[in-house]
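Have a look at the structure below, then the notes.
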Amino acid sequence: MVSRVGGCRDTVKVLVVKSSDLAKILSEPIEGDETLAKFGKIFEEEYTLANHIYVRKNYSQTPKLFIKKVASRLKSEGIYSKELVIKAYRAYSALLNAGVVGKKPETTFRHYADTIFVAAQPDLYNEAENIYYEFKLYPINNYAKTQARIFAWVLEKPIILVGLREDVNGYLTTEREVLTPPDSLNVSTEELRLIAKPEVFCTKLMKPLKYCSDEV
């Protein structure tokens, strides 16, 4: 069904599948601790922001600002601990030293079949080197690789997957693997429909309406 909405002349209803939801079908994720899950989300968001500042301004104060912001958010979530703050700093340092830098890319959509699209948004895109990164605060596992392969399929570009491995003293080292785009995702449209969410796309851009402007 096509209609007119806002600055977009024509729109169409589609079904969108998130890469993270699809990865759960293709490779079951390891059940984790709720506190660590919240910590991981906070770290991802703040590392991306700190990276943006680091890349643009190269502020010498970025690490201090990063840790201060992480500590504040951990307190607001009721999960603050000195150990998590130290872990955040060590993860920040390990990723930065490994060259995992860039900006958070926009979500990319690729048509799968019928009215179904798959959405992907890796953690970082290094424009200067044309590299996409997906990082995890744990060692690389099958679920992480499956998710990265989906990203690679959607973007039609390799993804560098980076994991963090912790030693007995709590220090972190990085491990990386390059995932190239698979020929297909080998999942039925029936399975995708079960996890897809309805979305209204601009027919010209074939993206959600938030990507449209009055000029479209």
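Worth a mention:
- Candidates LEU192, LEU161, LEU205, filtered to the one that is surrounded by 14 or more Cβ atoms within 10 Å (Cβ to Cβ) and assigned to a loop (DSSP other than H, G, I, E, B): LEU205
- The range 118-134 residues that are farther than 25 Å from VAL14 by Cα, paired with ones that are basic (Lys, Arg) and not in a strand (DSSP E or B) (beta carbon under 6 Å, 6 or more apart): none
- Qualifying residue in the range 110-117 (condition: among the hydroxyl-bearing types (Ser, Thr, Tyr), buried (at least 20 other Cβ atoms within 10 Å of the Cβ), touching a residue at least 12 places away in the same chain (Cβ under 8 Å) and assigned to a strand (DSSP E or B)): yes
- Residue within the range 7-27 that is assigned to a helix (DSSP H, G or I), over 27 Å from GLU156 (Cα atoms), among the charged types (D, E, K, R) and at pLDDT below 90 present: no
- Flag for PRO182 being without any contact (Cβ under 8 Å) to a residue 60 or more places away in the chain, surrounded by 13 or more Cβ atoms within 10 Å (Cβ to Cβ) and at negative phi: no
- Test: residue in the range 202-214 that is modelled with pLDDT of 95 or more, out of contact with any Phe, Trp or Tyr (no Cβ under 6 Å at 6 or more places or on another chain) and over 19 Å from TYR47 (Cα atoms): no
- Given (1) charged (D, E, K, R); (2) surrounded by 13 or more Cβ atoms within 10 Å (Cβ to Cβ); (3) farther than 30 Å from VAL14 by Cα, index of the condition ASP167 fails: (2)
- In the range 19-53, the residue that is farthest from LEU192 (Cα to Cα) out of those that are in contact with a strand residue (DSSP E or B) (Cβ under 7 Å, 6 or more places away or on another chain) and surrounded by fewer than 18 Cβ atoms within 10 Å (Cβ to Cβ) is HIS52.
- No other residue among PHE151, PHE135 is farther than 14 Å from TYR47 by Cα, among the aromatic types (Phe, Trp, Tyr) and crowded, with 16+ Cβ neighbours inside 10 Å apart from PHE151.
- Complete set of residues in the range 61-104 that are in a helix (DSSP H, G or I), of a type in the set (Lys, Arg) and in contact (Cβ under 8 Å) with a residue 12 or more places away in the chain: LYS69, ARG73, LYS87, ARG90
The values are calculated or read from the model by the stated rules, or taken from the named source; none is laboratory data. Because the structure is a prediction, the values reported are computed rather than measured. Note that we place each Cβ from the backbone using ideal geometry, even for glycine, and neighbour counts take in every protein chain shown.
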